[in-house]
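The values are calculated or read from the model by the stated rules, or taken from the named source; none is laboratory data. This structure is a prediction, so every number in the text was calculated from the model and none was measured. No Cβ is skipped: glycine too gets one built from the backbone with ideal geometry, and neighbour counts run over all protein chains shown.
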Amino acid sequence: MSRMRQRREYKSPYAAAVWSMMLPGFGQFYNKDYVIGLVLIGFEFLINLNSNLNLALVYSFTGDFAQAHSVLNYRWGMFYPSLYAFSIWQAFNSAKAYNDRFLENVLKKRTHLTGFFIGLVVGMDAGLFWHNLPFLNQFMVLSIFNMPVFSGLLFGLLGAWLGHFIEKTIFHKNISKSEVTN
């Protein structure tokens, strides 16, 4: 009796991340992590419906920022950046771990892009929290920050860049120290 070859499929970490960007949980389905995928999709719908995020997105993209302010429930909306970033981070790292385990037969105990996603969450939450400060309307240049969705995205990208830079700096310092001691 011939043995069937077990097919080991490569999982692209970037494809997993993009699927999770489309909808939290889809990257986990791509990685065949069905339980966590279902949990993340459940949280996505719970937070999205209670925060009125889609309606705020529609108003933001049509330029009606006052209406976006009024419909967005910030108490629920503050949870979304964490869910979104965690879903992308977990899908990316799960695919990397899968590939390390099955394709290279080595399990590396390192997560990737942690600083990037922590910075993304902190930045997006800061953008949502501080979007409606009174002094933002006094200066024309700062008025771009008075938009709930766009300020969250802008601060999120800035925080992600800063988090990634800090992580890379610390990681390279630790590598340099371990090379010196060896």
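Before moving on, here are some points about what is shown:
- Qualifying residue in the stretch 77-92 (condition: at pLDDT 90 or above, assigned to a helix (DSSP H, G or I) and either farther than 28 Å from G127 by Cβ or touching a Cys at 6+ places or on another chain (Cβ under 9 Å) (or both)): no
- Hits in the stretch 64-75 - residues which are small (G, A, S) and modelled with pLDDT of 85 or more: A68, S70
- Matching residues, the stretch 18-34, being among the hydrophobic types (A, V, I, L, M, F, W, C), assigned to a helix (DSSP H, G or I) and closer than 18 Å to L120 by Cα: V18, W19, M21, M22
- So G42, is it crowded, with 20+ Cβ neighbours inside 10 Å and either touching a residue at least 24 places away in the same chain (Cβ under 8 Å) or closer than 25 Å to F116 by Cα (or both): no
- Breaking point among (1) over 29 Å from S12 (Cβ atoms); (2) within 20 Å of the chain's Cα centre (by Cα), for Y59: (2)
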